[in-house]
Every structure is written in C-alpha cells, then in structure tokens.
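S.K.: Would you mind keeping the following structure in view while I ask a few things?
The values are calculated or read from the model by the stated rules, or taken from the named source; none is laboratory data. All values derive from a computational prediction rather than experimental measurement. Glycine also receives a Cβ, built like all others from the backbone with ideal geometry; neighbour counts cover every protein chain displayed. Ligands, DNA and RNA are stripped out before the accessible areas are found, and what is left, the full protein with its side chains, is counted by its heavy atoms. Shrake-Rupley method; radii C 1.70, N 1.55, O 1.52, S 1.80 Å.
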Amino acid sequence: MRMLDLILKKRDGGALTEGEIRFFVDGVVRGTIPDYQVSAFLMAVYFRGMTEAEVAALTEAMRTSGEVLDLSVVPGVKVDKHSTGGVGDKTTLVALPLAAAVGVKAPKMSGRGLGHTGGTIDKLEAIPGFRTALDREAFLRQVDAVGFAVVGQTEGLVPADRALYALRDVTGTVDSIPLIASSIMSKKLAAGADAIVLDVKVGRGAFMPDEASARALAEAMIAIGRRLGKRTHAILTAMDEPLGREVGNANEVAEAIRVLRGEGPADVEEVAVVVAAEMVLLAGLAPDRAAAVAAVREALADGRGLGAFRAFVAAQGGDPAVVDAPEAVLPRPHHRAAVVAWADGVVTALDARAVGEAAMRAGAGRATKEAAIDLAAGVHLRKKTGEVVRRGEVLADVLASRPIPEDAVLRLREAYALGETAEDAGLAGRAAGGPASKVLAILDG
C-alpha cells in the first residue's frame, strides 16, 4: 500500500477503506509517512470530505493509536462531557458536581487554554494545592468515591491526534468537520466513558461561528458515537457574548462556586443544568429529559452539588475552604483597569472573542502552549447585552497581578457596542439585563 495512492483516491473523491485509513494513521504515529504527504492528504479531506463510515474508521484508528483507559472497575454507566471551547465557559465546574450529586460517574480528562478560550485545568490550578495529575488507580478510585474527577490529558492518549493537529494548524485544514469530529471523539473514546455529552458552542467567541456549522459538527460526532457503540448527545449553546460575568481562571472558579450556591448568573446555571441533565439521562438515572432536569435542579437547590464540588476539591488536594470563602483562598489581582461607557444607552452587543482576547493579553491566557499564565488575571463584566448604561459608568474591568497592558484595555473596549435603545440590537421585549436562552438545541441522534 502506498500513501500516494490514498492521496490520489481521496483527491478524486473516492472513499477509503478501514484498512487504508489505519495504514495512514499508523504511518503518522510511526513517522513513516513524510509531513508533505500527510499535509496533502489533509488538504484532500478538507476539499473532498469523508463519508460517515470513513470518519468513524479514522476516529477508531486514532483512538487506538495510544493508551486507551479501561473504566470497567467503576460500577455503573460512566458519562464524559466535552465543550468545544468558549469564553467564560466554566460549565464543567458546575455541571459535573451537579451530575455527580444525582449519581452519575463522570471521569474527565481536560485540556489547557490556548488563545482566547480558557482551559478547565488552568482554572482548577488556581485553587491552592489542587492536583491536576493523578495516577490511573487514584483517578478511578476518586470517580467511584466522589462521582467525578478532572485531570489533564496524558501524553499517551491519542498520539495520532497530536501529530495530525500540528500539521492541520499550519496547513489551513483546522476547520474541516471530519477532522474536527475525529479529533474530539478519538480523545473522548480513548478516555473510556460509556456515553458522552458534547457542548458545542456557537457564535463569535466559538470555533463554530454559526448554528448550521455547529449542528453539522454535532451530528458528525453523534454519528461517530453511534457507529462505535457510545451513546452521544450534543447541546448547541450560544457563545456570541461570554458565559457569565467572569472571564479568566481564579475569578471563573469563584463564579462557578456562586452558581452552585444558587447565587450565580442565570446563563451559567442554565447551560450547566442542561449539560448535567443530559449526563443524568445518558446514565439511565432518569426516565426522560424533564425528570433529569428536575433531579439536577433539586441537587442544586438542596446544596448537594456544592457538597460534591467540595469533596472533589479535597480529593484532588485542593483547599476545600475555597467553597466557603473563594475570595480569601484564590489568587487575587493587584491591578485593575476600567472600561467606561462613552455614552448613555443600552449594551447592544458584547463580542465574546474580543473579551477573551483582552483577558489573554492581561495574562489569563496563553498564545503558545509553553507560555505561563497569571491565575488572577481576567475580565469582570459589569454590563452585558441588553443592560442600560450611563456615560462614565464602568462597563467592565481588566484584572491582573501585574501592571495591565494598554492593549488589553483597548481590546475590551472594542468588545462593547452601545445603542440608544434596546431595539437597536433587536432586544425589544426582553427585560433589561435579562439573559436570552443560551441553549439553542439538543441533539440525541
């Protein structure tokens, strides 16, 4: 078998066999296929696409290219959760303890932030003492005892994806749905869960800019799960403006704790409850979606979700006092710079990408994987879309442990658009400051 023949076949619109796809993935991992041929193949896929069967075969070959976790020692249905990335997306920190409080077993491997979107592992490392690396036995024990664990992805997991992504990133093939879907699902499947809930973000601050492309990605991943025997549900959630009012690391942890106390922003609560409910449904712990939502809301109201978060922090070596006094335990910023309203009116738009980039420039994110971050840095949004403002009133604050660069403040100011009335942004009939629903659709195949 020659790689050239596979490139030509895909270039001409042919469908590859499972054996041909495995030959390709094995060659990528072993380094026997040169980068120029891998790049040519990726470009052929970008333009020609892949059939559902091809995408499933690619995912399976990538999944088995390295370590595959066996979670069978943990009783019950194990449910994983994945987000395609957003600004202010602390959903994992709320949804997993709520799901665990209802009885779900949720093993989760998560990544670090890169660019304008944050990473769950970075947020958790803002908690003093928190360990994001556990050996396999400790990870499994915690999932069984606490209900969930969140750790960084291991180097041995899906090496084919790392090799392919490095080339996708420099060949303009990142936004190919077959390649995105196989990348995400290969990692989720290698992590060993029985079922998967996908939070697919839609909008300016997300990887998928519109609902049509997000739906196509979600449907592709659901199809992979169906073909490979893993029940998969997807939720499309809006990401035109940030989720919640905090963007960063330590401040997002504090906001997640407020949500678990019943005191947090309604948009974060809404998305977290829906994600947790889908996990409950897939775990077989509720007869239908409405019952799953009711069970999750009960766990939120009676404090069991907050208790699960406390147990989770303690189990991974973090200071559980963060639950009672997050502001006293988490890193605090020593510098603050305000963005003020330049006119009376209404916030008609708040660009999530610009907010995320402002937070990154302040030190909350990283431009390269090797860069260090300032755990106290971020953005606090005092005003969001639909809220009335007065000239000179503070719209948002940039936070950091070190002096704040001017470009961070300028970028945050660019995130805001003001109009004279709510009608300027099509917000007529919406209560001032009242959040629109973030959940656009739920897909369960």
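S.K.: Select, from Val200, Val174, the only residue that is surrounded by fewer than 24 Cβ atoms within 10 Å (Cβ to Cβ), closer than 30 Å to Val38 by Cα and among the β-branched types (Val, Ile, Thr). Explain how you work it out, then say what you get.
M.R.: Numbers: Val200 fails: surrounded by fewer than 24 Cβ atoms within 10 Å (Cβ to Cβ).
That would be Val174, the only listed residue that is surrounded by fewer than 24 Cβ atoms within 10 Å (Cβ to Cβ), closer than 30 Å to Val38 by Cα and among the β-branched types (Val, Ile, Thr).
S.K.: Report yes if Leu282 is open to solvent by 30 Å² or more (accessible area, probe 1.4 Å) and either more than 24 Å from the chain's Cα centre (by Cα) or not basic (Lys, Arg) (or both), otherwise no.
M.R.: Values: open to solvent by 30 Å² or more (accessible area, probe 1.4 Å): no; either more than 24 Å from the chain's Cα centre (by Cα) or not basic (Lys, Arg) (or both): yes.
Answer is no for this residue.
S.K.: Could you tell me whether Gly66 is in contact with a strand residue (DSSP E or B) (Cβ under 6 Å, 6 or more places away or on another chain) and more than 20 Å from Ser182 (Cα to Cα)? Explain how you work it out, then say what you get.
M.R.: On the way: in contact with a strand residue (DSSP E or B) (Cβ under 6 Å, 6 or more places away or on another chain): yes; more than 20 Å from Ser182 (Cα to Cα): no.
It is false that Gly66 is in contact with a strand residue (DSSP E or B) (Cβ under 6 Å, 6 or more places away or on another chain) and more than 20 Å from Ser182 (Cα to Cα).
S.K.: How many residues does the range 415-441 hold that are modelled with pLDDT of 90 or more and surrounded by 15 or more Cβ atoms within 10 Å (Cβ to Cβ)?
M.R.: Qualifying residue count, the range 415-441: 8.
S.K.: Test of understanding: among Ala218, Ala206, Ala250, Ala234, which residue is crowded, with 24+ Cβ neighbours inside 10 Å, at pLDDT below 95 and of a type outside the set (Val, Ile, Thr)? Walk me through how you get there before you give the answer.
M.R.: Numbers: Ala218 fails: at pLDDT below 95; Ala250 fails: at pLDDT below 95; Ala234 fails: at pLDDT below 95.
Just a single option satisfies the conditions, and that option is Ala206.
S.K.: Which members of the range 285-294 meet the condition of being open to solvent by 20 Å² or more (accessible area, probe 1.4 Å) and part of a loop (DSSP other than H, G, I, E, B)? Please lay out each step first, then the result.
M.R.: Looking only at the range 285-294, we keep the residues that are open to solvent by 20 Å² or more (accessible area, probe 1.4 Å), and these are 285, 287-291, 293-294.
Matches in the range 285-294: Leu285, Pro287, Asp288.
S.K.: Could you please let me know if Ala191 is touching a Pro at 6+ places or on another chain (Cβ under 9 Å), surrounded by 21 or more Cβ atoms within 10 Å (Cβ to Cβ), within 29 Å of Lys438 (Cα to Cα) and modelled with pLDDT under 95?
M.R.: Details: touching a Pro at 6+ places or on another chain (Cβ under 9 Å): yes; surrounded by 21 or more Cβ atoms within 10 Å (Cβ to Cβ): yes; within 29 Å of Lys438 (Cα to Cα): yes; modelled with pLDDT under 95: yes.
Yes; evaluated as a whole, the condition is true for this residue.
S.K.: Every residue in the range 190-217 that is in a loop (DSSP other than H, G, I, E, B), closer than 27 Å to Ala349 by Cα and not aliphatic (A, V, I, L, M), please. Even if it seems obvious, please write down each step before you answer.
M.R.: Let us first name the residues in the range 190-217 that are in a loop (DSSP other than H, G, I, E, B), namely 191-194, 203-207, 209-210.
Narrowing the set further to residues that are closer than 27 Å to Ala349 by Cα leaves 203-207, 209-210.
Listed by number, the residues that qualify are Gly203, Arg204, Gly205, Phe207, Pro209, Asp210.
S.K.: Further question on the same structure: Collect the residues in the range 131-189 that are part of a loop (DSSP other than H, G, I, E, B) and among the basic types (Lys, Arg), keeping them in residue-number order.
M.R.: Keep residues of the range 131-189 that are part of a loop (DSSP other than H, G, I, E, B), which gives 131-135, 147, 153-156, 158, 172-176.
Residue satisfying the conditions is Arg131 alone.
S.K.: I'm trying to understand the selection: among the residues of the range 158-171, which are among the basic types (Lys, Arg) and open to solvent by 30 Å² or more (accessible area, probe 1.4 Å)? Talk me through it step by step, then tell me what you get.
M.R.: The first filter runs over the range 158-171 and keeps only residues among the basic types (Lys, Arg), leaving 162, 168.
Of everything in the range 158-171, just one residue is among the basic types (Lys, Arg) and open to solvent by 30 Å² or more (accessible area, probe 1.4 Å), namely Arg162.
S.K.: Taking only pairs six or more apart or across chains, which ones have beta-carbon atoms under 7 Å, a first residue in the range 259-275 that is under 10 Å from Val296 (Cβ atoms), and a second residue that is of a type in the set (D, E, K, R) and at pLDDT 95 or above?
M.R.: Going by the 7 Å Cβ cut-off, the qualifying pairs are Val273/Arg297; Val275/Lys81; Val275/Asp199.
S.K.: Collect the residues in the range 191-224 that are within 26 Å of Leu134 (Cβ to Cβ) and in contact with a helix residue (DSSP H, G or I) (Cβ under 7 Å, 6 or more places away or on another chain), keeping them in residue-number order. If you could, list the steps in order and put the result at the bottom.
M.R.: Of the range 191-224, the ones within 26 Å of Leu134 (Cβ to Cβ) are 191-199.
Once the filter is applied, which keeps residues that are within 26 Å of Leu134 (Cβ to Cβ) and in contact with a helix residue (DSSP H, G or I) (Cβ under 7 Å, 6 or more places away or on another chain), the range 191-224 yields Ala195, Ile196, Val197, Leu198, Asp199.
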